[in-house]
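Structure first, then comments.
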Amino acid sequence: MGQQFSWEEAKENGAMDVAELQEWYKKFVEECPSGTLFLHEFKRFFKVAGNEEATQYVEGMFRAFDKNGDETIDFLEYVAALNLVLRGTLEHKLKWTFKIYDKDRNGFIDRLELLDIVESIYRLKKACRVEMETEQQGELLTPEEVVDRIFLLVDENGDGQLSLSEFIEGARRDKWVLKMLQMDVNPGCWISQQRRKSAMF
């Protein structure tokens, strides 16, 4: 199965401010009196209606937050995930990003899964650029070229899929790979922006 984060990991990533935790709980209960958050509610909170790319990303976030795979997010999953993406280490954020990319939750990212995310983010960002040798600096890459290049640099055993360890090691080893794998899936920044727009956060 795909990698999961734990409540303990989330607490280790940064000191949980009690007042902040109470505020998150208050807002969560106000918005989700049943104690669970469903995908359609999650999408509504992030105001992604009519934006296919943002919808795909939010659906991936939902799957990553839904630790036990029951198609809902409870308060502990919600707080653990937010704490992780807002305060987590690079490794924890890469694990979380891996989980978003691993749509079928089999513990590996194949080319189609990576291409799907890269295309979505590419449409959102409008460009992915190589920052390498002088002759290639600023070269515009297609999503397919980004995926091919990532697999060339990261898929160490050549099996056509990325394991979690290949994903993390590839990102640590190569600055461009890190940038592309995160694709500015800087979840903390993105979530913070969305929080300001949402009554729930």
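No value in this document is a laboratory result; all are computed from the given coordinates. Small disclaimer: the values here were computed from a predicted structure and weren't measured. Neighbour counts are summed over all protein chains in view; Cβ atoms, including those assigned to glycine, are modelled from backbone coordinates with ideal geometry.
Numbers at a glance
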quantity	calculated
Under Karplus coefficients 6.51, -1.76 and 1.60, residue-wise ³J(HN,Hα) of segment 33-44 in Hz, glycine/proline x	x, 6, x, 9, 10, 9, 4, 5, 5, 4, 4, 4
Residue 29-residue 156 pseudo-label distance in nm [points 7 Å out on the Cα-to-Cβ vector]	4.8
In Hz, Karplus ³J(HN,Hα) per residue of segment 88-97 (6.51, -1.76, 1.60; θ = phi - 60°; x = Gly, Pro)	x, 6, 4, 4, 5, 5, 5, 4, 5, 4
Approximate spin-label separation residue 20-residue 173, in nm, with each point projected 7 Å along Cα-to-Cβ	3.5
HN-Hα J in Hz across segment 77-82 - Karplus 6.51, -1.76, 1.60, θ = phi - 60°, x for Gly and Pro	5, 4, 5, 4, 5, 4
Cut-off under 5 Å, modelled amide H: who pairs with residue 141 long-range	128, 130
